[in-house]
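Everything below concerns the one structure shown next.
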Amino acid sequence: MVHPVVEKVTQRIIERSRPSRRAYLAHLDAARVKGVQRGTLACTNLAHGFAAFPANDKLKLREQKQPSVAIVSSYNDMLSAHQPFEYFPKVIKEAVREVGAVAQFAGGVPAMCDGVTQGQPGMELSLFSRDTIAMSTAIALSHNMFDASLYLGICDKIVPGLLIGALHFGHIPGIFVPGGPMTTGISNKEKAAVRQRYAKGLATREELLEGEAQAYHGAGTCTFYGTANSNQMLMEMMGLHLPNAAFVTPGTPLRDALTRAASQHAVKISQQGGSYMPIGHIVDEKSIVNAIASLHATGGSTNHTMHLIAIARAAGIVVDWNDFDELSKVVPLLARVYPNGDADVNHFQAAGGPAFVIRELLDGGFAHDDVNTILGHGLRNHCKEPFLDENDNVVWKDLPEQSGDEAVLRKVTNPFSDNGGLILVQGNLGRAVMKISAVKKEHHIVEAPAKTFDSQEDFMHAYQAGQLNQDFVAVIRFQGPRANGMPELHALTPALANLQDAGYHVAMVTDGRMSGASGKVPAAIHVSPEILAGGPLGLVRDGDIIRVDATQGTLEALVPADIWASRKMATADLSSSHIGMGRELFDVFRKSVSAAEEGAAHFPLPSLRDTVVPLHEGTDTGEIMPGSDEDFLFRKNK
């Protein structure tokens with residue numbers, strides 16, 4: 001039985017989303033055709049589409065009987081997580097040929113590394129890269145040659161961007177293909193310690209670099225549980241991966257076998273494969289709720305309070321922070337992975353991994369089983385772990401009943417916490433989210449004078465000058481998407497942690513981001529509306545008493561109402577964030593972006609006004625009758 005709060009939130013989302021979800025499903029029906037998608041192309045179009053292919057593949061494409069599988073990849077060899085994708089297309093093409101179909105590399109999408117750009121001007125392009133990736137995905141699929149898709153991506157904005165793009169081609173079945181994490185380097189505790197020593201001036205730059213190089217040392221995803229690995233958990237929970245595939249390390253026989261299996265399964269779920277399962281019918285209201293639940297259960301990245309909203313909107317589903325907040329109050333915390341614990345994702349995988357979390361959430365009533373996945377109907381199909389048989393093919397087996405390590409992963413009957421640790425705070429400073437799963441209870445309430453800064457660099461200058469040795473709330477302003485693209489403010493984490501460790505009561509409030517690495521210092525982030533949208537954070541002055549209260553969910557400037565009402569909005573010269581390092585190219589993004597609570601997105605919700613109205617075969621009425629998630633109907637235009 002589903003928990004009553006989970007059911008209540010789900011039904012509220014269904015009702016709220018009814019018009020836009022109805023329009024979205026109508027769009028899907030209008031895009032679907034009988035036979036292979038390339039059957040709609042003229043001869044010239046089709047000839048261009050297979051001109052460079054080997055003879056046998058060209059013949060299959062020309063005959064228009066067997067499916068063509070698109071490969072959309074975010075490969076580049078600078079991102080450690082994406083470097084393994086270099087050889088995936090070869091593996092995929094061979095695997096797809098084995099089952100009589102063809103795979104084509106449809107297109108690449110950009111992939112930037114937040115680890116490289118952190119604290120640099122390029123970080124101000126990071127959030128906007130998500131929607132750029134979505135548009136690049138659309139360009140890759142726009143040739144209409146494809147009957148299924150394989151999406152190769154892992155990191156922060158890349159998986160959300162790929163999924164948003166995929167959902168705009170929601171009639172096409174799609175599978176997400178992970179590359180896996182790098183092997184474990186130095187412990188996360190050691191990594192954090194050298195960063196804090198460097199912030200205090202007690203470690204040299206060479207010592208810091210050596211520590212970082214020992215942490216990030218090879219191919220694969222960074223092993224802490226930030227946005228990249230939260231992405232992987234969500235794809236598992238939404239049934240878009242093969243079961244428990246996310247955290248198998250690259251360059252291993254099991255990793256390659258999982259890639260082959262995903263490739264062949266993509267053929268199976270195409271229309272020609274007999275088990276048609278379009279991605280737009282997998283991502284529905286219940287699967288979005290499941291994704292939010294898994295985010296809470298694992299202490300995942302706060303970036304998904306924006307990314308999941310943007311993903312949902314692409315499928316015609318409207319979600320807000322109230323939904324996240326209510327679910328967080330009841331979904332238990334089942335995993336402790338750095339920064340919410342000492343373990344990394346390799347330890348998490350060894351203890352049971354995503355499949356264990358999925359099973360426990362289903363058993364506890366915190367997730368919906370009655371959803372579609374790439375394996376058919378029912379999320380419980382994903383509660384298994386992969387192994388190799390004697391022929392190096394993947395077989396799935398039931399999970400052990402118990403966790404492999406209860407310091408890392410626990411059953412729903414014995415959680416680390418009875419809530420997910422992600423809360424909504426609101427008041428006269430606006431609405432914001434806080435991740436408190438790693439914040440000690442004695443720091444859940446901070447009431448202290450404000451110190452305002454217009455950049456993280458200004459904050460660090462004050463810190464290094466010894467001006468912050470006191471209780472205070474750092475108000476980091478003009479960091480929203482309209483102002484400068486909403487970069488992550490990771491540079492502040494070690495400094496704030498040092499001040500907290502020294503016994504000061506400190507917190508941060510910002511219209512910017514902190515992501516999955518927000519750590520042990522209370523931080524109210526993504527404050528909406530941002531200052532450039534009229535947000536009240538611009539009314540704060542140095543010395544104002546700010547109350548950040550995670551227990552009551554309040555975010556208040558304790559300023560008399562008449563004084564507050566008389567103030568003018570703060571201003572700042574943001575020109576240095578609008579030019580250089582390509583930022584001038586994204587001016588249109590800054591001007592058109594929605595609020596953080598609306599996904600910081602640029603794409604409208606689906607609307608029936610935009611739909612070419614499909615008709616049921618054999619009818620002559622214009623009634624709009626979108627197919628349900630269990631009833632995929634062929635339609636045609638009158």
### Task
Assign unit charges at the C-beta atoms only (+1 for Lys and Arg, -1 for Asp and Glu), then state the dipole size of the stretch 187-243 relative to its Cα centre in Debye, rounded to the nearest 20.
240
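Report D for the stretch 1-113 in µm² per second (integer): Stokes-Einstein, Kirkwood Rh on Cα pairs, 10 °C, 1.306 mPa s.
Working: Rh = 17.8 Å.
Rounded, D is 89 µm²/s.
Please state, to two decimals, what the Cα-based radius of gyration of the stretch 224-350 comes to when divided by 2.2 N^0.38 Å (N = residues). Numbers along the way, then the final one.
Numbers: Rg = 15.8 Å, N = 127, 2.2 N^0.38 = 13.9 Å.
Cα Rg divided by the expected 2.2 N^0.38 Å: 1.14.
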### Message
Give me a comma-separated list of calculated 3J(HN,Hα) values for the stretch 349-354, in order, Karplus coefficients 6.51, -1.76, 1.60 applied at θ = phi - 60°, integers in Hz, x for any Gly or Pro.
### Response
4, 5, 7, x, x, x
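Ratio of Rg to Rh for the chain, alpha carbon only, Kirkwood? Provide the component values of the computation, followed by the final result.
Values: Rg = 24.4 Å, Rh = 25.1 Å.
Result for the chain is an Rg/Rh of 0.97.
If we sort 324-335, 161-172 on the protection proxy, mean other Cβ atoms within 10 Å, highest first, what's the order? Intermediate values should be presented prior to the final figure.
On the way: 324-335: 23.2, 161-172: 26.2.
Ranking, from highest mean packing down: 161-172, 324-335.
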### Query
Which percent of the accessible heavy-atom area of the chain goes to carbon and sulfur, probe 1.4 angstrom?
53
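Taking the mean number of other Cβ atoms within 10 Å as a proxy for protection, how do you rank 107-114, 464-471, 1-8 from highest to lowest?
Values: 107-114: 21.0, 464-471: 12.1, 1-8: 14.5.
Answer by packing, highest mean first, reads 107-114, 1-8, 464-471.
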### Query
Just how large is the dipole of the stretch 309-416 about the Cα centre, in debye to the nearest 20, putting +1 at every Lys and Arg Cβ and -1 at every Asp and Glu Cβ?
200
### Summary
Expected vector for the stretch 108-121, Karplus 3J(HN,Hα) from phi with 6.51, -1.76, 1.60 and θ = phi - 60°, integer Hz, x for Gly and Pro, equals x, 10, x, 8, 9, 9, 5, x, 6, 8, 3, x, 10, x
### Task
Pull up the cross-link candidates among the aspartates and glutamates for Lys451, meaning alpha carbon to alpha carbon under 14 Å and not fewer than 8 places away within one chain.
Asp471, Asp542, Asp544
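Would you kindly give the portion of the calculated P(r) for the stretch 156-284 that falls above 17 Å, as a percent of all Cα pairs?
Details: 5409 of 8256 pairs.
Summing the P(r) of the stretch 156-284 above 17 Å gives 66 percent of all pairs.
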### Task
State in Å² the accessible area per residue of the stretch 322-415; use a 1.4 Å probe, count heavy atoms of protein chains only, and round to the nearest integer.
39
### Summary
Ignoring ligands and nucleic acids, Tyr75 exposes an accessible area, probe 1.4 Å, in Å² to the nearest 10, of 80
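Holding the Cα-Cα limit at 31 Å, pick out from Lys34/Lys157; Lys60/Lys286; Lys65/Lys90 the pairs that are longer than that.
Numbers: Lys34/Lys157 34 Å; Lys60/Lys286 38 Å; Lys65/Lys90 23 Å.
The answer is Lys34/Lys157; Lys60/Lys286.
Among bridges DSSP assigns within the chain, what percent are antiparallel (round to 5)?
Details: 28 of 58 bridges.
In the chain, approximately 50 percent of DSSP beta bridges are antiparallel ones.
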### Task
Take the stretch 311-359, drop everything but the C-alpha atoms, weight them equally and run the Debye formula without solvent; then report log10 I(q)/I(0) at 0.20, 0.27, 0.30, 0.32 Å⁻¹ to two decimals.
-0.86, -0.94, -1.01, -1.07
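Please list the three semi-axes, largest first and in whole Å, of the ellipsoid equivalent to the stretch 301-435, using sqrt of 5 times the eigenvalues of its alpha carbon gyration tensor.
Three semi-axes, in Å: 29, 20, 14.
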### Query
Karplus couplings for the stretch 79-91 from phi (6.51 cos²θ - 1.76 cosθ + 1.60, θ = phi - 60°), rounded to Hz, Gly and Pro as x?
6, 4, 5, 9, 4, x, 5, 3, 9, 4, x, 5, 4
### Message
If you count only protein heavy atoms and use a 1.4 Å probe, how large is the accessible surface of Thr510, to the nearest 10 Å²?
### Response
0
#### Entry: Heavy-atom accessible area order for Phe105, Phe603, Phe128, largest first, 1.4 Å probe
Phe105, Phe603, Phe128
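Could you report the stretch 1-151's accessible area per residue, 1.4 Å probe, as an integer in Å²? Could the numbers behind the result be given before it?
On the way: 6490 Å² over 151 residues.
Per residue, the stretch 1-151 has an accessible area of 43 Å².
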### Task
May I ask you to give the solvent-accessible area per residue for the stretch 221-268, in square angstrom, as obtained with a 1.4 angstrom probe?
18
### Query
Relative to a virtual label point 7 Å from the Cα of Glu584 in the Cα→beta-carbon direction, which members of the stretch 106-149 show backbone nitrogen distances below 19 Å?
121-126
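Show Arg62, Arg32 ordered by accessible area, largest first, where the area counts protein heavy atoms only and the probe is 1.4 Å. Could the numbers behind the result be given before it?
Numbers: Arg62 160, Arg32 30 Å².
Sorted by accessible area, descending: Arg62, Arg32.
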### Query
Under 5 Å between amide H atoms, partner at least 5 residues away or on a different chain: which partners does Ser149 have, H built in plane at 1.01 Å?
Ala70, Gly174, Ile175
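Students sometimes get this wrong: rank Cys222, Cys155, Cys43 by accessible area, probe 1.4 Å, all chains present, largest first.
Details: Cys222 45, Cys155 20, Cys43 115 Å².
The ordering from most to least exposed comes out as Cys43, Cys222, Cys155.
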## Note on the structure
If one compares the long axis through the Cα atoms of helix 492-501 with the longest principal axis of the Cα atoms of the chain, the angle in degrees, nearest 10, works out at 50
### Task
Please give the length that would be gained between Arg62 and Leu388 if that part of the chain were fully extended, namely 0.36 nm times their separation in residues minus their C-alpha to C-alpha distance (nm, one decimal).
113.8 nm
### Message
Just to verify a number: what accessible area does Trp564 come out at with the full protein assembly present, 1.4 Å probe, Å² rounded to tens?
### Response
40
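The values are calculated or read from the model by the stated rules, or taken from the named source; none is laboratory data. Everything numeric here is computed off the predicted structure, so don't read it as measured data. Positions of Cβ are generated from backbone atoms using ideal geometry, with glycine treated the same way; all protein chains shown enter the neighbour counts. When the accessible area is computed, the model is the full protein with side chains, heavy atoms only, and any ligands, DNA or RNA have been set aside. Shrake-Rupley method; radii C 1.70, N 1.55, O 1.52, S 1.80 Å.
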